[in-house]
Amino acid sequence: MLDPPVAELLVILAEDDLGARGTLEREYRLLQSGSPRVLVIQRPASNLAPVSRLPGVLTATEKEVPEAILRTLGATERQWISAWFFRKLRKQRLGEGLSWDSPGFLPPGQPLP
């Protein structure tokens, strides 16, 4: 039997309600923490209740954080959020998907010309 699909959500808590973190940790799996109020949780498909409606949660998103909420965060928290979104982008690598002996590429272990 296959495991149900899961989603990662970036959650930002209200600054004055850090008790919401305990609720999230009981209800969901905490994957990462950028600060006491910036978290990434794993939400199983079986639990589709809107995380953003929980008390103390400013936003819960997979896509982008509203600008008004970003302005409430410190520089380190904003940078952490940018890095989290950046890691999800598809990367283009030279030779991605090609065989090791494709024209223009050297086999592994060969000295450079």
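Computed from the coordinates by the stated procedures, all read-outs in this text should not be read as laboratory data. The model shown is predicted, which means the values in this text are computed figures rather than measured ones.
Return the Rg/Rh ratio of the chain with Cα-based radii and a Kirkwood Rh.
Details: Rg = 19.8 Å, Rh = 16.7 Å.
Ratio value, two decimals: 1.19.
At 222 nm, what value in deg cm²/dmol follows for the chain if DSSP H runs of at least 4 each add -39500 (n - 2.57) and the sum is divided by all its residues, to the nearest 500? Mind dumping the intermediate values first?
Details: 3 runs with 25 residues, N = 113.
Estimated from H runs of four or more residues: -6000 deg cm²/dmol.
Report, to the nearest 10°, how far helix 75-87 tilts away from the longest principal axis of the Cα atoms in the chain, using its own Cα long axis and a range of 0 to 90°.
50 degrees
Convert each backbone phi in segment 61-66 into a coupling constant with the Karplus relation 6.51 cos²θ - 1.76 cosθ + 1.60 (shift: θ = phi - 60°), then list the ³J(HN,Hα) values in order as whole Hz, x for Gly and Pro.
These are the phi-based 3J(HN,Hα) values: 8, 10, 10, 8, 9, x Hz.
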